[in-house]
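A.B. asks: Sending over a structure as structure tokens; questions will come in a sec.
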Amino acid sequence: MTDEAQDPETDENGEGEEDAPKKGKLKLIIIAAVALVVLLGGGGAAYFFLFSGGSDDGEAEVAIAAVETYFFDLPEMTVNLASTGEEEQFLKLSVSLELEKEEMVEALAPRLTLVMDAFQVYLRELRRSDLEGSAGIYRLKDELRRRVNLAVYPVQVRNILFKEILVQ
């Protein structure tokens, strides 16, 4: 028999039993190091999301406060919708225009007749089906904004806000 087979301090791979505890300690150290890295990374991420996000909110509030908005209410409109049947359908609409500057409100007032005419002509061409669903209302909003901006150029309306929409 060979010396390796008779030596009680060697295992079947020829390595000593003293190396086995060293390997176990090395594995334990590696697992602990990985766990520590994961815990530190998770803690850092939690701190970032929970505590460092507050500073941006103050900047956002300042930016929102810096943007001034003015509104111009149009008179309520009631128009006949285009229909193929004998039954008449009506649209009652109340709109507010969003503007950037107060001077634009003053410049818009003398052109109110042009705005109302542009709206009336367009609205009378609509059918009830054109106003169905949120997509229909969105298209209506876009088209009214486009028409009012053409009628009051160089004043530009930021947005059309519906105060009331009634289809009968």
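A.B. asks: Restricting to region 127-141, and then to whatever is under 15 Å from ILE160 (Cβ atoms) and surrounded by 11 or more Cβ atoms within 10 Å (Cβ to Cβ), can you tell me which residue is farthest from the chain's Cα centre (by Cα)?
C.D. replies: First, pick out the residues of region 127-141 that are under 15 Å from ILE160 (Cβ atoms): 131, 134, 136-141.
Of the ones still in play, those that are also surrounded by 11 or more Cβ atoms within 10 Å (Cβ to Cβ) are 131, 136-137, 139-141.
Working: LEU131: 24, GLY136: 20, ILE137: 19, ARG139: 19, LEU140: 21, LYS141: 19 Å.
Ranking the qualifying residues of region 127-141, first place goes to LEU131.
A.B. asks: While we're on this one: I'd like the full set of residues that are closer than 13 Å to LEU91 by Cβ and in contact with a Lys or Arg (Cβ under 8 Å, 6 or more places away or on another chain), limited to region 127-168. Explain how you work it out, then say what you get.
C.D. replies: The initial filter retains those residues of region 127-168 that are closer than 13 Å to LEU91 by Cβ, namely 127-132, 136-137, 140, 144, 162, 164-168.
Hits for region 127-168 are ASP130, PHE162, GLU164, ILE165, LEU166, VAL167, GLN168.
A.B. asks: Select, from PHE119, PHE162, the only residue that is closer than 14 Å to PRO75 by Cβ and either outside the structural domain of ALA82 (by TED's automatic domain parsing) or aromatic (Phe, Trp, Tyr) (or both). Full working, then the answer.
C.D. replies: Values: PHE162 fails: closer than 14 Å to PRO75 by Cβ.
The match here is PHE119.
A.B. asks: Separate question: Has region 87-106 got any residue that is aromatic (Phe, Trp, Tyr) and modelled with pLDDT of 80 or more?
C.D. replies: Kept after step one, since they are aromatic (Phe, Trp, Tyr), are these residues of region 87-106: 90.
When the remaining residues are screened for being modelled with pLDDT of 80 or more, the result is 90.
Yes, region 87-106 contains at least one residue that is aromatic (Phe, Trp, Tyr) and modelled with pLDDT of 80 or more.
A.B. asks: While we're here: Out of all the residues in region 92-126, which are in contact (Cβ under 8 Å) with a residue 60 or more places away in the chain and either in contact with a Lys or Arg (Cβ under 7 Å, 6 or more places away or on another chain) or surrounded by 14 or more Cβ atoms within 10 Å (Cβ to Cβ) (or both)?
C.D. replies: Step one: of region 92-126, the residues in contact (Cβ under 8 Å) with a residue 60 or more places away in the chain are 92-98.
LEU93, SER94, VAL95, SER96, LEU97, GLU98, listed by residue number.
The values are calculated or read from the model by the stated rules, or taken from the named source; none is laboratory data. Keep in mind the model is a prediction, meaning the values are calculated, not measured. Glycine gets a Cβ as well: all are built from the backbone with ideal geometry, and neighbour counts include every protein chain shown.
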